[in-house]
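Structure record follows, encoded as structure tokens.
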Amino acid sequence: MKILHILGIFPVAFLISCGYALVGTGKSLPKNIKTVAVPIFQNNTQRFEIEKIVTSAITQELIRRGAKVVEREESADAILKGEINFFNTYPTTVSSDARATKYGMTVVVRVELLSSKGEEIYPKSELRFTDEYDLREGADFFSVETERLRKLSEQIAKSIVSLILEGF
């Protein structure tokens with residue numbers, strides 16, 4: 001019986017000693033980075049206010065994960081810079097009366113994390129995100145698109161913040 005208890009403890013001890021961690025739970029930056037500024041991302045698309053929606057989602061995710069976010073770049077130890085380089089919505093399903101009932105959405109974001117001195121902390125990376133959503137009959141296309149963009153921005157934020165925080 002004691003052997004079974006010892007054998008049951010061994011895998012747990014092994015996992016702990018190997019540095020096992022769940023993806024998406026990292027909360028640390030290099031020790032010298034205490035504050036991060038997130039200036040509004042550059043919008044290289046025609047989509048109105050996409051830069052505000054994405055930047056806000058990323059800022060909220062950083063805060064949720066324990067990072068101290070400051071408004072001014074001058075008072076930050078690191079700056080998370082970004083660009084939205086592509087946005088598109090397109091019909092994916094069409095009804096028998098030739099009306100689009102389901103749409104796809106693609107957003108391409110480029111981000112990098114720099115020290116206050118301009119040194120690269122996290123290299124410039126371009127990331128592609130997609131989503132699909134239904135357009136209910138009588139619904140306002142732009143409102144539904146904006147709602148889905150907000151949801152997709154939450155996923156964009158989780159992905160970007162995880163990539164940055166879990167690199168350390």
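Where a number appears in this text, it was derived from the coordinates with a stated rule and is not lab data. What you are looking at is a predicted structure, and each value in this text was computed from that prediction instead of being measured. Note that each Cβ is placed from the backbone with ideal geometry, even for glycine, and that neighbours are counted across all protein chains shown.
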note = Rounded to whole angstrom, the alpha-carbon centroid of the stretch 38-60 lies from that of the stretch 63-79 at a distance of 16
Full-extension gain in nm, F48 to E147, via 0.36 nm per residue minus C-alpha separation = 34.3 nm
request  = First obtain the Kirkwood hydrodynamic radius of the stretch 52-146 from its Cα pairs, then insert it into the Stokes-Einstein equation at 20 °C and 1.002 mPa s, and state the resulting D in µm² per second as a whole number.
outcome  = 135
inquiry  = Whole-Hz ³J(HN,Hα) for each residue in the stretch 35-46, computed from phi via Karplus 6.51 cos²θ - 1.76 cosθ + 1.60 with θ = phi - 60°, x for glycine and proline: what do you get?
reply    = 9, 10, 9, 10, x, 3, 5, 6, 9, 9, 10, 8
request  = Report the paramagnetic label zone for K117: residues of the stretch 29-43 whose backbone N is under 14 Å from a point 7 Å from Cα along the Cα-to-Cβ axis.
outcome  = 32-33
